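Reading through the structure tokens given below for one structure.
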Amino acid sequence: MEHYHRALELNPDQPLAHINLAIALTALGRTNEAAASYHTATQALKKHADALAQQGRMEEAAAQLLEGTRRIPNNAEGHCQLAVLLARMGKPEEARTHFIEALRIEPDYKEAQKGLRELEKTGGKP
């Protein structure tokens with residue numbers, strides 16, 4: 001685990017290092033620490049995806065967030081972030097899928113509820 005900590009010292013915004021650290025902590029039964037690392041990874045992925053989106057690199061941003069949902073599949077926040085971006089990209093069916101997945105994981109997740117309602121209200125138009 002020391003190499004994950006060292007990687008994060010060098011680059012604290014590296015989502016993959018946070019994810020790998022969280023996986024290792026989970027395997028050791030250190031679930032509170034793992035949860036914190038998963039949350040930090042999600043925030044780092046969002047920050048990176050936002051930067052890509054601001055540069056007009058929407059597909060790359062979506063790919064980053066999609067990879068995050070693959071590595072952290074039970075993360076409602078990650079699915080919701082991806083859904084919001086997909087809706088902005090004019091991909092309502094994909095967005096709906098990720099909003100629904102976020103709500104499956106966390107049924108009371110307000111941002112996902114709001115996003116899904118908005119998607120339904122606009123007929124999937126961004």
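Remarks
- In the stretch 33-48, the residue that is surrounded by the fewest Cβ atoms within 10 Å (Cβ to Cβ) out of those that are in contact with a Leu (Cβ under 8 Å, 6 or more places away or on another chain) and free of Cβ contacts under 8 Å to residues at least 24 places away in the same chain is GLU33.
- Just one of the numbered conditions (1) closer than 23 Å to ILE19 by Cα; (2) surrounded by fewer than 22 Cβ atoms within 10 Å (Cβ to Cβ); (3) touching a residue at least 24 places away in the same chain (Cβ under 8 Å) is not true of ALA51: (3).
- The listed residues are GLY56, GLY78, GLY68, GLY90, and the only one of them that is in the same structural domain as ALA22 (by TED's automatic domain parsing) and either surrounded by fewer than 18 Cβ atoms within 10 Å (Cβ to Cβ) or in a helix (DSSP H, G or I) (or both) turns out to be GLY56.
- Any hit, the stretch 15-26, residues being out of contact with any helix residue (DSSP H, G or I) (no Cβ under 8 Å at 6 or more places or on another chain) and either assigned by TED's automatic domain parsing to the domain that holds GLU120 or not hydrophobic (A, V, I, L, M, F, W, C) (or both): no
- Residue that is farthest from the chain's Cα centre (by Cα) [pool: residues in the stretch 1-32 that are surrounded by 15 or more Cβ atoms within 10 Å (Cβ to Cβ), assigned to a helix (DSSP H, G or I) and not aliphatic (A, V, I, L, M)]: TYR4
The values are calculated or read from the model by the stated rules, or taken from the named source; none is laboratory data. This one's a predicted model, so the numbers in the text were calculated from it and none came from an experiment. No Cβ is skipped: glycine too gets one built from the backbone with ideal geometry, and neighbour counts run over all protein chains shown.
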